[in-house]
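Computed from the coordinates by the stated procedures, all read-outs in this text should not be read as laboratory data. Since we're looking at a predicted model, the values are computed, not measured. Glycine also receives a Cβ, built like all others from the backbone with ideal geometry; neighbour counts cover every protein chain displayed.
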Amino acid sequence: GGRAAGRRQVRARKEVILSAGAYESPHLLLKSGVGPAHDLESAGVEVRVDLPGVGQHLQDHPIIGLKYRLGPPGGVWFPKSITKLWLTFPSLLWSYLWAGKGALSSSGCDVGFFGASNSSHTRRPDLQMHGMVTAGDTSFFTDFLNYDSSFTDQIGELSDVHALWAQGMLIAPTLLHAVTEGSVSLNPRSVRAGPPLIRYEAFGHEEDVDRLIECIRRMQTIMAQPAMAAHEPVLLYARDLAQEFGLDSDQYWAEYIKRFGFVVYHPTGTCRMGRAGEPTAVVDSSLRVFGVRGLRVADASIMPDIVSGNTQVPSAAIGVQMAAILRKEHGISVDHLG
């Protein structure tokens, strides 16, 4: 029940599979002396394999949260405060058990959009929107998105018209292929025991900001269509920014993105797959680390480029493929594993 103490040495008879994620997989390689030689030497780590791509090419999905107030014609009623949920839960449960409908039949995020921005040269989807019906107060921003009062104080409560009840809709424009890339490196203050040093400036490139503004404009077009307009949606604005930069101007949205944007926590690419000799490649097509015998990486860090969507299922697929490769190379049958 307590923390592990001391050290224990474990040896692998065949191979070691590193699956610590896009932050910790490169971090462990770096601490083991596998990575850019100059960085390792600067940190006082013995260089075992000079592999410049370790910890580089960090990608993620930048995102912003926008809230709409919905009028009385809105489709789903939620209690304004989670503490009032008991008042509506019996009817929600009955609706679900009797007809398979209502709020309990929804994952909470079952409306989405994928599209290509005007600046996308490949025409692959680089824009995404998540849509969630939420309670009508600002608790979603504070409890789920971890925004502080500097944001919620500006937009205020969504609706006090229906005292107990209020409706809202959160829409989250997301950039799937940002120009911005970051890195994971050793922490110079504590190379061995400290956390990795993560550098990623989500909105440091103006092209990324411009594409998110384009996504916002598409969102506004969708919300103005008859099917959505029937719910009387009103987009909430940050008052101080609106006064300074002009309500709904491109400059307003650029500042909104830079001040209140974050990422979806989809880090990838820091041990990217590629061909031998490529400067940023860390593993080959069988996920073997270049220059190290008996070591592979199998997680989101090996993605050559971040996917056009959430990374959970692709990460699971990487694990499935890794298992298939190992079974084939080591002659392991599924029956034997069972």
* For region 219-294, what's the radius of gyration and Dmax over Cα atoms, in angstrom? -> 22.8, 62
* **Largest-first principal axis extents, alpha carbons of region 255-305, Å** => 48, 19, 14
* Asked: Based on the mean of other beta carbon atoms within 10 Å per residue, what is the order of 243-252, 210-219, 61-70, 14-23, most packed first?
  -> 61-70, 210-219, 14-23, 243-252
* **Low-density loop cleavage sites - trypsin sites (Lys or Arg not before Pro) in region 221-283, where at most 11 other Cβ are within 10 Å (DSSP)** => 275
* Asked: So, in Å, what gap is there between the alpha-carbon centers of region 291-338 and region 52-66?
  -> 21 Å
* How much FRET efficiency would the formula 1/(1 + (r/R0)^6) give for residue 239 and residue 42, where r is the Cβ-Cβ distance and R0 is 45 Å, rounded to 0.05? -> 0.45
* **Protection-proxy order for peptides 227-234, 282-289, each taking the mean of Cβ atoms within 10 Å per residue, highest first** => 282-289, 227-234
